[in-house]
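Colleague: To start, I am sharing the structure in question, which I have written as structure tokens.
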Amino acid sequence: MTETQKIVIIGGVAAGPKICAKLLRTKDFNCKIDLYTEEDMISYSACGLPYFIEGLIEDVNRLIVRTPQQFEEKGANIHLNKRCTKILPQEHKIVIADTKTGIIQEVEYDKLAITTGARPIVPPIQNLHLQNIFTVRKIKDGIEIRNKIREENTKKAVIVGGGYIGIELLEAFYKNGLEVVLIERDEHILSIFDPEISDMIKDEIVKMSQGKVNILTSEAVIAFEGDDRVQRVITSKGNIIETDIAVIATGVTPNTEIAAAAGIELGVSNAIRVNNRMQTSIKDIYAAGDCTENYHLVSKNYCWIPLGSTANKEGRCAAINIAGQYDAFPGVLGSAVTRYDGLSISLTGLTETEARKFGFDVVSSVMTKKDKAGYMPGAENITIKLVVDKRLKKILGAQAFGNGDADKRVNTVASAIMADQTLDNFLHTDMTYAPPFSTAVDPLISAALLISNQIYK
Ligand SMILES: Cc1cc2nc3c(=O)[nH]c(=O)nc-3n(C[C@H](O)[C@H](O)[C@H](O)COP(=O)(O)OP(=O)(O)OC[C@H]3O[C@@H](n4cnc5c(N)ncnc54)[C@H](O)[C@@H]3O)c2cc1C
């Protein structure tokens, strides 16, 4: 039997518990695991919060993947309400402060995993201290927002920021009968999409919302006003919008201050730089999840795309390497999906805008088609944009939205990119077809054929 290794994990939402669970399952690795989190719970789905706020998920406990007790029964030690304030790499120790008592302790490690994630960015808006202004990241945020929108006198809401979390909250509020104004500083909502696709999505959302939802773009929130609670929102264009609740969803920033202070190298957006084995620049310290930088498989550049899907994959990879085995995480495509009511919205790889920025010789196609045979009940439109490099004939990315089955097309493209397929090869993908599921020529293949027609005129 090998000597017992002391494994310490900081952070307990997605990446941290993943590392813990994988290590607990690893045979022939003799370890003592201590996980520290500043929260009073671990292992929950932040991704599910919009659906809890909406009321689709009634019981918040459904968002909890595993309880501390479940981990402890398997042999891990879970320390709640404990914040790591310092990493001392020379001494192989971390400093922990109890968030309730303030008691400080030092904890030794043989291998350390930093999974401190990210936190919401709050822009410098006036009067942020007013009541009923929220961000959404943690379970308690979800509970507070849901309680507020269920109050009888909550009729109007403002969402600051039109990223995917803003859109998911828009759906939650709209479905609860609120009048909602979403305010986006940029020219387009969902700016990770190409502008014309974002605009089509925006039009679709407004159309579907029957006058209950208003989306303002190129307009920033500069002040909140009210007595003790928010009552008005003031915008850069001088609009005054009455509201009962405001949620700020203007993006996130990685929690990497303690890593930086310990001399660990940071990369894009101040996320922790890791190699493909999730090792940081300091020996015996690993990192995974939203606090780490990513390598983009298409642009071949470093990026920061914090997602729960990636956090889980990176956590698994980190655990395998911590246990002394070998695993390599290749990188990300930034594949993401969200929805607004029945509208599915997804993308993978590079948009045309990004591909041009990285110097690709871009050719693209946009097409709208039914997701299944047009005569079938339930056939719905989907719009697909495919981005290809003309010279390399490589698929660079796809964006898709629609009331039909859009994301399965995007997932197909994600697989094609991972497999380094050429356009010519991709065109002949042997996809399934029967009228309830697709069209004889799948919409995705039609989009690819449009590009092929542009290349081989
Ligand atoms: C509303 C919402 C919807 C989302 N939807 C999706 C989705 O549909 N799909 C998707 O892929 N992703 C989604 N995400 C993103 C996803 O939730 C994150 O990518 C994921 O939670 C990252 O996990 P993580 O463990 O890396 O970090 P985090 O979830 O940020 O967890 C880090 C933990 O570490 C703790 N911590 C930080 N510093 C310290 C310290 N010094 N000491 C102790 N503890 C510390 C934090 O308090 C936190 O508990 C969503 C996020 C939100 C908020």
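The values are calculated or read from the model by the stated rules, or taken from the named source; none is laboratory data. In this text the structure is predicted, and so the values were computed from the model without any measurement. All Cβ positions, glycine included, derive from the backbone under ideal geometry; neighbour counts span all protein chains shown. Remember, those area values only see protein heavy atoms, side chains included, never the ligands or the DNA or RNA. Shrake-Rupley method; radii C 1.70, N 1.55, O 1.52, S 1.80 Å.
Colleague: Hey, got a sec? Which GluC sites (Glu not before Pro) in region 143-173 land in a DSSP loop and have at most 16 other Cβ atoms within 10 Å?
Modeller: Numbers: sites: E144, E151, E152, E168, E171; in loops: E151, E152.
Passing sites in region 143-173 are E151, E152.
Colleague: Another question about this same structure. Could you pull out every one of the aspartates and glutamates with an alpha carbon less than 18 Å from that of K86, ignoring same-chain neighbours closer than 8 positions?
Modeller: D34, E38, E39, D98, E106, E108, D110, E257, E265, D284
Colleague: Please give the charge dipole size of region 133-250, origin at the Cα centre, charges +1 on K and R Cβ atoms and -1 on D and E Cβ atoms. Round to the nearest 20 debye.
Modeller: On the way: 16 positive and 21 negative charges, 91 e Å.
Roughly 440 debye, rounded to the nearest 20.
Colleague: Can you give the calculated 222 nm mean residue ellipticity of the chain, where each DSSP H run of n ≥ 4 adds -39,500 (n - 2.57) and the sum is split over every residue, rounded to the nearest 500 deg cm²/dmol? Could the numbers behind the result be given before it?
Modeller: On the way: 12 runs with 116 residues, N = 457.
Value at 222 nm, helices only: -7500 deg cm²/dmol.
Colleague: Ok, one more. Tell me which GluC sites (Glu not before Pro) from region 256-301 have a DSSP coil assignment and no more than 16 other beta carbons within 10 Å of their own. Write down the numbers at each step before the final one.
Modeller: Details: sites: E257, E265, E293; in loops: E265, E293.
Sparse-neighbourhood loop GluC sites (Glu not before Pro): E265.
Colleague: Starting from the Cα gyration tensor of the chain, take the square roots of the eigenvalues, sort them a ≥ b ≥ c, and report rounded, prolate or oblate (rounded when a/c is under 1.5, otherwise prolate if a/b is larger than b/c, else oblate). Write down the numbers at each step before the final one.
Modeller: On the way: a/c = 1.87, a/b = 1.19, b/c = 1.57.
Oblate, because a/c is 1.5 or more while a/b does not exceed b/c.
Colleague: Accessible area of region 343-455 with a 1.4 Å probe: how many percent of it is carbon plus sulfur? Working shown, then result.
Modeller: Numbers: 2500 of 4810 Å².
Carbon and sulfur: 52 percent of the exposed surface of region 343-455.
Colleague: Right, another one. Solvent-accessible area of K175, probe 1.4 Å, all protein chains present, reported in Å² to the nearest ten, please.
Modeller: Per-residue accessible area (K175): approximately 80 Å².
Colleague: According to the Cα gyration tensor, what semi-axes, each the square root of 5 times an eigenvalue, does the equivalent ellipsoid of region 343-455 have, listed from largest to smallest in whole Å? Write out the running numbers ahead of the final one.
Modeller: Working: eigenvalues 112, 40, 26 Å².
Whole-Å semi-axes of the equivalent ellipsoid: 24, 14, 11.
Colleague: Between K390 and K175, how many nm apart are label points set 7 Å from Cα along the C-beta direction?
Modeller: 4.4 nm
Colleague: Limiting things to C-alpha atoms, what are the Rg and the maximum Cα-Cα separation (Dmax) for region 133-250, in angstroms?
Modeller: 13.5, 41
Colleague: Another question about this same structure. Just check region 33-80 against the gyration tensor rule for me: Cα atoms, a ≥ b ≥ c as the square roots of the eigenvalues, rounded for a/c under 1.5, and otherwise prolate or oblate depending on whether a/b exceeds b/c. Provide the component values of the computation, followed by the final result.
Modeller: Numbers: a/c = 3.63, a/b = 2.31, b/c = 1.57.
Since a/c reaches 1.5 and a/b is larger than b/c, the shape of region 33-80 is classed as prolate.
Colleague: Same structure, new question: Return the sequence-ordered ³J(HN,Hα) values of region 325-333 in whole Hz as given by the Karplus equation 6.51 cos²θ - 1.76 cosθ + 1.60 applied to θ = phi - 60°, using x for Gly and Pro.
Modeller: Each residue of region 325-333 in turn: 9, 10, 8, 10, 8, x, x, 10, 10 Hz.
Colleague: Any chance you could run the full-extension gain for D341 through R119? It's 0.36 nm times the residue separation minus the Cα-Cα distance, nm to one decimal. Could you put the intermediate results ahead of the total?
Modeller: Working: separation 222, 0.36 × 222 = 79.92 nm, distance 2.64 nm.
Value of the extension gain: 77.3 nm.
Colleague: Calculate the length of the line joining the C-alpha centroid of region 334-401 to that of region 23-68, in whole Å.
Modeller: Using only Cα atoms, the two centres lie 33 Å from each other.
Colleague: Please list, ordered by chain and number, the residues whose modelled amide H lies under 5 Å from the amide H of Q231; skip anything fewer than 5 residues away on the same chain.
Modeller: Correct list: E225, G226.
Colleague: Per residue, what accessible area does the chain have, given a 1.4 Å probe and all protein chains present, in Å²? The partial results should precede the final answer.
Modeller: On the way: 20630 Å² over 457 residues.
With the other protein chains kept in place, the chain gives 45 Å² per residue.
Colleague: Compute the length gained on full extension between C47 and E380: take 0.36 nm times their separation in residues and subtract their Cα-Cα distance, giving the result in nm to one decimal. Mind showing how you got there, number by number?
Modeller: Working: separation 333, 0.36 × 333 = 119.88 nm, distance 2.62 nm.
Contour length minus Cα-Cα distance gives 117.3 nm.
Colleague: Something else now. Per the Kirkwood formula on distinct C-alpha pairs, the Rh of region 1-49 is how many angstrom?
Modeller: Working: mean 1/r = 0.0848 Å⁻¹.
This gives a value of 11.8 Å.
Colleague: Checking the cross-link filter: which aspartates and glutamates have an alpha carbon closer than 19 Å to that of K148, excluding same-chain neighbours under 8 positions apart?
Modeller: Excluding near neighbours in sequence, the set is E54, E58, D59, E168, E171, E179, E225, D227, D228, E242, D244.
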